[in-house]
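Here is the structure we will look at.
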Amino acid sequence: MKICFISNLYPPETLGGAELYLEKIVKKISEDKKNQIIIITANQKFSFKTLIEEKGNIKIYRLWPFNLYSLTTKRKYNFIFKLIWHLIDLWNPFVYFTIKKILKKEKPEIVHTHNFTSLSFSIFSAIKSLKIPLIYTCHDYYLLCPYTNLVCPLTGWRFKKTPPFFCQWYRRITRKILKNKIDVALFPSKFVMNLHLKNGFFISSHRILLPFGITPLFFSLSDISLTFLCVSQLAPHKGVGVLIKAYKLLKEPKPKLLIVGEGLERKKLEKMANDDKNIIFLGRLSYSELEKKYQEAGVVIIPSLAPETFSFVMFEAMASGKLVIASRIGALAEYIKDSENGLLFEPGNINQLKEILEKILLNPDLIKKISENAFQFAQEFTFEKHCQKLIKIYRKII
């Protein structure tokens, strides 16, 4: 097979889990030397020339999209710059012609697109103009929301079923650009699939529910720890402030709360913690360092205010034998069955989260029971099984 992957970022340039997931997929498929892999991604540094890297049967093209700034530096710019950036990102002619030229040269049998913010919607037009079969994996909500996560200052960083007028306008434009261009759409959860269908996307596409696969960091149920762990970007929509407020309402003595991750809200959250010695901010950790924290913890908390499309943290925790407490929203509420393989609370409800934390502190056996169920549930979502299903989809389309 000759497959072209298109992603706005590819390691060593990363911002989230999507690009790390793609790297794992590429490594797995490239193990078969008969397969040829082409990767088209955005260069994060200005360059007139498209950079090309070759590693065995993998070839990587890194192009500068000729926009105002790179994806990894967007936080530095004001609203006006960002507005212009997004207007260019709706349909970037430079990206269109550059990607079309690469595809003509490489002649892949199939193109699989992932996150494309900064490469613009023009990539879909370039692919379909050459009549190459096109698969799109829906990692986020960029088709529906320029913020990609369905929450923003206009919604008060909370998910609302009726989007602001600006988002409704934005969806009309993106829907028109994308119409009839996706052959196969892959979704990590039913929530993501149904929300896009409700908004008129992928009506003519073949739609497949394909949850992402995870690799357990480790597994242990021998010693149940009461240490709390939160692995999250420190941003308003992730709800870490809700967790800190609920935690501070607990009576002493209380277990440690470990917070892994970085983001613009870190200083605000540290101030909210108010020098509580039990709340420990660890910053961004490597996988090996994160594994140690999973081993140390017994409870993993995901307090999102925005609907997650999947949640690698949730499944990694489950597969590692940990109790997951999460917001009742998006994919979290879809995969967690309350009191069976995890515990759910209403997004942003500080008192309800506090009551759940008190409940498990008084009943450690509950942690063990639910953790065992979670471990069994997570076995259906391994990376190996995911890859097998994905390769089968490729072969069927080709």
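In the range 53-87, how many residues are modelled with pLDDT of 90 or more and within 23 Å of Phe5 (Cβ to Cβ)?
Adding up the residues that qualify gives 15.
Please enumerate the residues belonging to the range 351-374 that are surrounded by fewer than 20 Cβ atoms within 10 Å (Cβ to Cβ) and in contact with a Lys or Arg (Cβ under 9 Å, 6 or more places away or on another chain).
The answer is Lys354, Glu358, Leu361, Leu366, Asn373.
Working only within the range 335-349, note down all residues that are crowded, with 23+ Cβ neighbours inside 10 Å and within 9 Å of Asn373 (Cβ to Cβ).
Hit for the range 335-349 is Gly342, nothing else.
Can you pull out the residues in the range 133-169 that are assigned to a helix (DSSP H, G or I), in contact with a Leu (Cβ under 9 Å, 6 or more places away or on another chain) and within 15 Å of Lys198 (Cα to Cα)?
Cys167
Residues of the range 42-61 being part of a strand (DSSP E or B), free of Cβ contacts under 8 Å to residues at least 40 places away in the same chain and surrounded by 16 or more Cβ atoms within 10 Å (Cβ to Cβ), which ones?
We begin by selecting, within the range 42-61, every residue part of a strand (DSSP E or B); these are 42, 51-55, 58-61.
So of that shortlist, the ones also free of Cβ contacts under 8 Å to residues at least 40 places away in the same chain come out as 51-55, 58.
Matches in the range 42-61: Ile58 only.
Any idea which of Lys128, Lys101, Lys107 is surrounded by fewer than 22 Cβ atoms within 10 Å (Cβ to Cβ), under 15 Å from Lys181 (Cα atoms), of a type in the set (Lys, Arg) and in the same structural domain as Lys59 (by TED's automatic domain parsing)?
Working: Lys101 fails: under 15 Å from Lys181 (Cα atoms); Lys107 fails: under 15 Å from Lys181 (Cα atoms).
Checking each option against the conditions leaves just Lys128.
Out of the range 3-25, which residues are over 17 Å from Phe381 (Cβ atoms) and buried (at least 20 other Cβ atoms within 10 Å of the Cβ)? Break it down stepwise before answering.
Taking the range 3-25 as the starting set, the residues that turn out to be over 17 Å from Phe381 (Cβ atoms) are 3-16, 19, 22-23.
Correct list: Ile3, Cys4, Phe5, Ile6, Ser7, Asn8, Leu9, Tyr10, Glu19, Leu22.
Cβ-Cβ under 7 Å, sequence separation 6+ or interchain: first residue in the range 72-85 and in the same structural domain as Ser7 (by TED's automatic domain parsing), partner modelled with pLDDT of 80 or more and in a helix (DSSP H, G or I). Which pairs?
Lys74/Lys82
For the range 149-164, does any single residue satisfy the condition of being modelled with pLDDT of 95 or more and more than 23 Å from Leu332 (Cβ to Cβ)? Can you show your working first?
Taking the range 149-164 first, the residues modelled with pLDDT of 95 or more are none.
No, that holds for no residue.
The values are calculated or read from the model by the stated rules, or taken from the named source; none is laboratory data. Worth saying up front: this structure is predicted, and the values here are computed from it rather than measured. Please note: Cβ atoms are built from the backbone with ideal geometry, for glycine as well, and neighbour counts cover all protein chains shown.
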